[in-house]
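Note sheet for the following structure.
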Amino acid sequence: LLFVADLLDRRSDKISDWRWCLAPVVAYLGLISALIMKQPNLGTTIIIAFMVLTMLLVAGVPLLGLSVTALAGAAVATAFVAFTPFRRTRFLRFLNPWADPSNSGLQNVQSLVGIANGGILGRGLGRSTAKWGFLPFAHTDFIFAVIGEEFGFLGAAFVLSLYALLIWRALRPHLRGEVSRDQ
């Protein structure tokens with residue numbers, strides 16, 4: 001991300017020429033993505049690619065080239081999900097965790113149970129039962145389920161409102177027209 005930020009800053013006068021900004025960033029992103037996918041970690045790859053594409057958008061890279069790049073990346077990610085059995089199973093269990101609730105759907109089902117147990121006000125800070133063994137990876141992917149159980153609907157809504165505020169604050173200069181593509 002720092003490399004991309006530096007490149008976009010140094011080449012800000014050539015931002016509309018895809019050969020000077022978009023092509024090197026996409027090549028670098030491809031190299032980094034290939035290294036991350038050797039782990040294999042598609043989630044981290046998608047997050048980094050999304051952040052890089054957002055940086056390109058904010059920097060003023062033309063939308064046509066950015067759209068083509070995003071569609072190509074989405075096609076590659078879809079292929080990684082469709083043609084890798086464990087990712088395909090995980091995706092299908094995300095869509096319908098109740099198809100196998102005691103095996104591959106356990107994590108999603110337990111996250112829903114945790115959120116449901118929180119009710120409106122929650123059980124209280126540190127009083128979640130999901131994180132003590134019912135939700136296998138509560139400390140990583142499913143922290144929101146623990147927040148929902150401990151702080152309830154109101155706490156979960158507060159977290160979501162913080163994300164909405166962050167997005168609004170990031171987009172506000174663009175919506176007001178305060179950011180020029182010439183900067």
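So that you can scan it fast, the table gives a plain yes or no per residue for (1) assigned to a loop (DSSP other than H, G, I, E, B); (2) buried (at least 18 other Cβ atoms within 10 Å of the Cβ):
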{"residue": "Lys131", "(1), (2)": "no, yes"}
{"residue": "Pro136", "(1), (2)": "yes, no"}
{"residue": "His139", "(1), (2)": "yes, no"}
{"residue": "Gly148", "(1), (2)": "no, yes"}
{"residue": "Leu154", "(1), (2)": "no, no"}
{"residue": "Ala164", "(1), (2)": "no, no"}
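So which residues in the stretch 96-105 are part of a loop (DSSP other than H, G, I, E, B) and open to solvent by less than 70 Å² (accessible area, probe 1.4 Å), if there are any at all?
Our first condition is that a residue be part of a loop (DSSP other than H, G, I, E, B); within the stretch 96-105, this holds for 96, 100-105.
Within the stretch 96-105, Asp100, Pro101, Ser104, Gly105 qualify.
Residues checked against (1) under 30 Å from Asn41 (Cα atoms); (2) more than 21 Å from the chain's Cα centre (by Cα):
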| site | (1), (2) |
| --- | --- |
| Asn117 | no, yes |
| Leu121 | no, yes |
| Thr129 | yes, yes |
| Gly133 | yes, yes |
| Phe144 | yes, no |
| Glu149 | yes, yes |
| Phe153 | no, yes |
| Ala156 | yes, no |
| Val159 | yes, no |
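Being open to solvent by less than 100 Å² (accessible area, probe 1.4 Å), outside any helix (DSSP H, G or I), modelled with pLDDT of 80 or more and polar (S, T, N, Q) is the requirement here; does Ser180 meet it? Explain how you work it out, then say what you get.
On the way: open to solvent by less than 100 Å² (accessible area, probe 1.4 Å): yes; outside any helix (DSSP H, G or I): yes; modelled with pLDDT of 80 or more: no; polar (S, T, N, Q): yes.
Taking the combined requirement at face value, the residue does not satisfy it.
Which one of Asn117, Asn108 is touching a residue at least 24 places away in the same chain (Cβ under 8 Å) and either surrounded by 14 or more Cβ atoms within 10 Å (Cβ to Cβ) or outside any loop (DSSP other than H, G, I, E, B) (or both)? Show your work before the answer.
Details: Asn108 fails: touching a residue at least 24 places away in the same chain (Cβ under 8 Å).
Residue meeting the stated conditions: Asn117.
Can you pull out every residue in the stretch 56-80 that is under 17 Å from Ser12 (Cβ atoms), assigned to a helix (DSSP H, G or I), among the aliphatic types (A, V, I, L, M) and open to solvent by less than 50 Å² (accessible area, probe 1.4 Å)?
Within the stretch 56-80, the subset under 17 Å from Ser12 (Cβ atoms) is 56-62, 65-66.
Then keep just the ones that are assigned to a helix (DSSP H, G or I); that gives 56-59, 65-66.
Narrowing further to those that are among the aliphatic types (A, V, I, L, M): 56-59, 66.
Scanning the stretch 56-80 gives Leu56, Ala59, Leu66.
What single numbered condition from (1) farther than 30 Å from Leu135 by Cβ; (2) free of Cβ contacts under 8 Å to residues at least 24 places away in the same chain; (3) assigned to a helix (DSSP H, G or I) fails to hold for Arg93?
(1)
Just give me the residues in the stretch 120-129 being open to solvent by less than 60 Å² (accessible area, probe 1.4 Å) and touching a residue at least 24 places away in the same chain (Cβ under 8 Å), in sequence order. Step through it out loud before you land on a result.
Within the stretch 120-129, the subset open to solvent by less than 60 Å² (accessible area, probe 1.4 Å) is 122, 124, 126, 128-129.
Within the stretch 120-129, Gly122, Gly124, Gly126 meet the criteria.
Tell me which of these Phe50 doesn't satisfy, since it passes every other one: (1) assigned to a helix (DSSP H, G or I); (2) farther than 23 Å from Thr140 by Cβ; (3) open to solvent by 70 Å² or more (accessible area, probe 1.4 Å).
(2)
Which numbered condition trips up Pro173, out of (1) within 30 Å of Gly60 (Cβ to Cβ); (2) of a type outside the set (A, V, I, L, M, F, W, C); (3) open to solvent by 50 Å² or more (accessible area, probe 1.4 Å)?
Going through (1) within 30 Å of Gly60 (Cβ to Cβ); (2) of a type outside the set (A, V, I, L, M, F, W, C); (3) open to solvent by 50 Å² or more (accessible area, probe 1.4 Å) one by one, Pro173 breaks only (3).
The values are calculated or read from the model by the stated rules, or taken from the named source; none is laboratory data. In this text the structure is predicted, and so the values were computed from the model without any measurement. FYI the Cβ positions are ideal-geometry reconstructions off the backbone, even for glycines, and counts take in every protein chain you see. The protein model used for the area step is the full one, side chains on, heavy atoms only, and it has no ligands, DNA or RNA in it. Shrake-Rupley method; radii C 1.70, N 1.55, O 1.52, S 1.80 Å.
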